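Asker: Here it is, the structure, as structure tokens.
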Amino acid sequence: MEYLVDAYNLLHAWDRAMPAKDDLESARRRLLDALADYAEDSESRIVAVFDGTDLPYSDRTTHRGVSVHFSRSPKDAARLIAALLARTDHARET
């Protein structure tokens, strides 16, 4: 199974990962670790998309097998997710 995740939306919905305002990087890492654990356990492929500018990352990276994408403009993850979905022929909304 493949999953495309709007990572900040999931992060804010995931109570135990919510950071103090100055600890967002740590919260992102905990979320990506949890997604990587799930991917391993379920033999799934996960793509996580974060909004943002001025991040200390390139536009694309990986974290323990999870493909991580960062939009270059704030609040633009939805457009990036739509573009990634357009590249596949087996996407479905859940």
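Asker: Only one of 30, 16 is modelled with pLDDT of 75 or more and part of a helix (DSSP H, G or I); which?
Answerer: The conditions single out 30.
Asker: Taking residue 57 as the residue in question, decide whether it is at pLDDT 80 or above, open to solvent by 30 Å² or more (accessible area, probe 1.4 Å) and among the aromatic types (Phe, Trp, Tyr).
Answerer: Numbers: at pLDDT 80 or above: no; open to solvent by 30 Å² or more (accessible area, probe 1.4 Å): yes; among the aromatic types (Phe, Trp, Tyr): yes.
In short, no.
The values are calculated or read from the model by the stated rules, or taken from the named source; none is laboratory data. Since the structure is predicted, the reported quantities are computational estimates derived from the model, not experimental observations. Note: areas computed on protein heavy atoms with side chains; ligands, DNA, RNA excluded. Shrake-Rupley method; radii C 1.70, N 1.55, O 1.52, S 1.80 Å.
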